[in-house]
Amino acid sequence: MQTVALLAFVVVAVVNRQVNANLWNYDDATVEGPSHWVDNYPTCGGANQSPINIVTSNLTPLTGSSTFTFTNYGRISASPYTLTNNGHSAMVTVNVKDITVADGGLGSTYVLEQFHFHWGTDDSAGSEHQIDSLPQPVEIHFVHYNGALYPDVATAAASNDPTAIAVLAVFVEVDDAAPTPDLSLVVDHLPAVLYEGDSNFVDAFNLTHILPSSLTSFFRYSGSLTTPGCNEVVVWTVFTQPIYITSAQLDKFRQIHTNIIGDPDEFMTHNFRPAQPINSRTIYLA
């Protein structure tokens, strides 16, 4: 069960604290920090790791259609979503298996499992991906598994198939004057999940409202989960257009904790992996 939980955090932060969770964190001042992940998780030293710094002078045009087909992303389900503090991120599990994305060069239909957030201590960093060495304050990952081949996200993550998982990455910039309205539907629940293991229901809402308004311009590459075990099973789509958050909303993310209630307080002020070498990979632009 612990292994399943770790893989489900997949790409991304979906575990409740497992037995070996103390083997990694985001603090490189400790022996559990990102530069040491490879000591306990060898795949974290692989050749196709994520995230990356996307260099815009070295891109290859993506052939074929760049138009995605989103199914039920806009539906407001009667089943609520679940917001969880898993000790590494704030994660929203959708609890249904019929929200999907296809086309856009993906080659299959992928089922949405969850989305989660990465952020920094201040607004100068926070996103996992960078564009020409420039990070953004927040990045959201929408994590999907290949529903044609796998029954769930954990099986997909363990498959060693480089197309088993598709992650849509969305940058979030600070704009106090014109934030993306529906982000508040998640952010307003963060005080209910201050400690690791806390969870709270979030009413289902139209997920297209927290995607960029333009979805046909994006970067595409083959990579990995950005958390241990760093499985190289991810088709990455990184949208060029951001959405927006207020400074006050972003501060709410920095108030949640990595520790369980009762333990010494450790604030989740940053939870992003540094950019990894591109090596011989091709980065595509649609």
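Read-outs throughout are calculated quantities, based only on the coordinates presented, and are distinct from any laboratory measurement. Bear in mind that the values here come from a model prediction, so they are computed numbers and not experimental data. Note: ideal-geometry Cβ built from the backbone for every residue, glycine included; neighbour counts use all protein chains shown.
List the relative contact order of region 137-190 as a percent without decimals, with contacts defined as Cα pairs under 8 Å and 6+ residues apart.
Worked out over region 137-190, it gives 41 percent.
Can you compute the FRET efficiency between residue 182 and residue 270 using 1/(1 + (r/R0)^6), with r the Cβ-Cβ distance and R0 = 22 Å? Round to the nearest 0.05.
Result of the calculation: an efficiency of 0.35.
Using label points projected 7 Å from each Cα along Cα→Cβ, tell me how many nm separate residue 98 and residue 152, to one decimal.
Result: 2.1 nm between the two label points.
When a/c is below 1.5 the answer is rounded, else prolate if a/b is larger than b/c, else oblate, so apply that to region 179-243 with a ≥ b ≥ c taken from the square roots of the Cα gyration tensor eigenvalues.
oblate
At 0.36 nm per residue, minus the direct Cα-Cα distance, what do residue 71 and residue 241 gain on full extension? Give it in nm, one decimal, please.
59.1 nm
Would you pull out the residues with amide H under 5 Å of residue 180's amide H, same chain only if 5 or more places away, H placed 1.01 Å from N?
For residue 180, whose amide H was placed from the backbone, the distant partners under 5 Å are 244, 245.
Would you kindly derive the ³J(HN,Hα) couplings of region 208-220 from the backbone phi angles with the Karplus curve 6.51 cos²θ - 1.76 cosθ + 1.60 (θ = phi - 60°), listing them in order in whole Hz, with x for Gly and Pro?
Each residue of region 208-220 in turn: 5, 6, 10, 9, x, 5, 10, 10, 9, 10, 7, 9, 9 Hz.
Length gain on complete extension for the stretch residue 31 to residue 216, per 0.36 nm per residue less the alpha carbon to alpha carbon distance?
My answer for the length gained is 62.5 nm.
Please order 281, 220 by the number of other Cβ within 10 Å, starting at the fewest.
The order, fewest Cβ neighbours first, is 281, 220.
Using the Kirkwood formula over every pair of different C-alpha atoms, what hydrodynamic radius in Å results for the chain?
Taking every pair of different Cα atoms in the chain, averaging 1/r and inverting gives 18.7 Å.
Can you give the extra length, in nm with one decimal, that the chain gains between residue 209 and residue 254 once fully stretched, where that is 0.36 nm per residue apart less the Cα-Cα distance?
13.9 nm is the gain from fully extending residue 209 to residue 254.
Taking a label point 7 Å from the Cα of residue 47 along the Cα→Cβ vector, which residues of region 225-261 have an amide N closer than 19 Å to it?
225, 230-236
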